[in-house]
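Each remark here refers to the structure printed beneath this line.
The values are calculated or read from the model by the stated rules, or taken from the named source; none is laboratory data. From a predicted model like this one, the values you see are computed outputs, not experimental measurements. Cβ placement follows ideal geometry from the backbone for every residue including glycine, while neighbour counts extend to all protein chains displayed. Each accessible area value is taken on the protein alone, full model and side chains, heavy atoms only, with ligands, DNA and RNA left out. Shrake-Rupley method; radii C 1.70, N 1.55, O 1.52, S 1.80 Å.
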Amino acid sequence: IAASLTSLNKERQSTERRIFEHAHDLAMQQGMCADDRRAIVLAHEDWHPGVVGIVCSRLVEKRRRPTILLHRHNGECHGSGRSVDGVSLHAALSRCADLLETFGGHDMAAGLRVRTNNLDAFAQRFTEVINEMHGVDGLTPLLTLDCETTLGELTPAAVRQVSALGPFGRENPRPVLLARDLTVAQEPRVMGARSQHLSFAARQGQRHIRVVGWNWGERAVEVKPGRRFDAAVRVELSDWHAQRGQQVVEATLEDLAFAS
């Protein structure tokens, strides 16, 4: 059963990756990533309807604009949409209701169905509505920093106190901490089947910490030993070390800024 689930999950990841790359290429080709078009609306007959919602989230994360992806079949398109903070997807769709067959959802996510012959008109209207609701400044991701810290303060006991603020989720995200004047302590290591993730050691004085950057693999060439930087991180105790009776603090990278 476990082997079957693993196989299915790998198949889902492959499908998700293929649709994401295809959708991102189409959005770029059609000018949907320009400052004057702050929404993405795309449809294709080859996109699996069970995966488009996940791909929407990835496109929103990368391009910072509300995104709708649809599976085209038998004269209709149906799929999902995702939005960004401060832009109600449901409110935007409500202003396009006369062009839709059905829709439902909330501020951040929705499902919808539209006839193929109304798709272009819907995409145009939806983009105009989003342009009103979502200014150019909103295309720049914002990162909220909860407090500043030093590596010396990030003891296992302190991290357990941070974890006690959970459970974490959308309305209660894990705190993001700012650590200044860190140094890359060794050559970074890429991880994952496609080398998409990054791991490296950072130091501050005599203190060291392992930093993991999910989907930071393509920036590995920038992370050179000896280079100084400030980092926004989320911290937790390593599960791998905990299984071996050790308490080791690890940092998950949210963003970094190298010293000039």
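Tabulated values for the structure
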| item | result |
| --- | --- |
| In sequence order, calculated HN-Hα J values of segment 34-44 (Karplus, 6.51, -1.76, 1.60; Hz; x Gly/Pro) | 7, 5, 8, 9, 9, 9, 10, 9, 9, 9, 7 |
| Magnitude of the charge dipole, segment 1-71, Cβ model with Lys/Arg +1 and Asp/Glu -1, debye to 20 | 260 |
| Segment 5-114: C-alpha pair distances exceeding 25 Å, % | 17 |
| Dipole of segment 141-206 [Lys/Arg +1, Asp/Glu -1 at C-beta], most positive-end residue of 167, 205, 177 | 167 |
| Extension gain, residue 8 back to residue 25 (0.36 nm per residue minus Cα-Cα distance, nm) | 3.5 nm |
| Cα-centred dipole magnitude for the chain, charges only on beta-carbon of K, R (+1) and D, E (-1), debye, nearest 20 | 700 |
| Crossing angle, helix 52-63 versus the chain [Cα axis fit, 0-90 degrees, rounded to tens] | 60 |
| Segment 141-225 - share of DSSP beta bridges that are antiparallel (%, nearest 5) | 80 |
| Helix axis angle, 2-29 relative to the chain longest principal axis, alpha carbon, degrees | 70 |
| When the convex hull of its Cα atoms is projected in every direction, mean area for the chain (nm²) | 16.8 |
| Length gained when the stretch residue 150-residue 164 is fully extended (0.36 nm per residue, less Cα-Cα span) | 3.1 nm |
| Förster radius 35 Å - calculated FRET efficiency between residue 143 and residue 115, Cβ distance, rounded to 0.05 | 0.30 |
| Largest-first ordering by accessible area, 1.4 Å probe, given options 229, 103 | 103, 229 |
| Ellipticity estimate at 222 nm from DSSP helix runs (n ≥ 4, -39,500 (n - 2.57)) divided over the chain, nearest 500 | -8500 deg cm²/dmol |
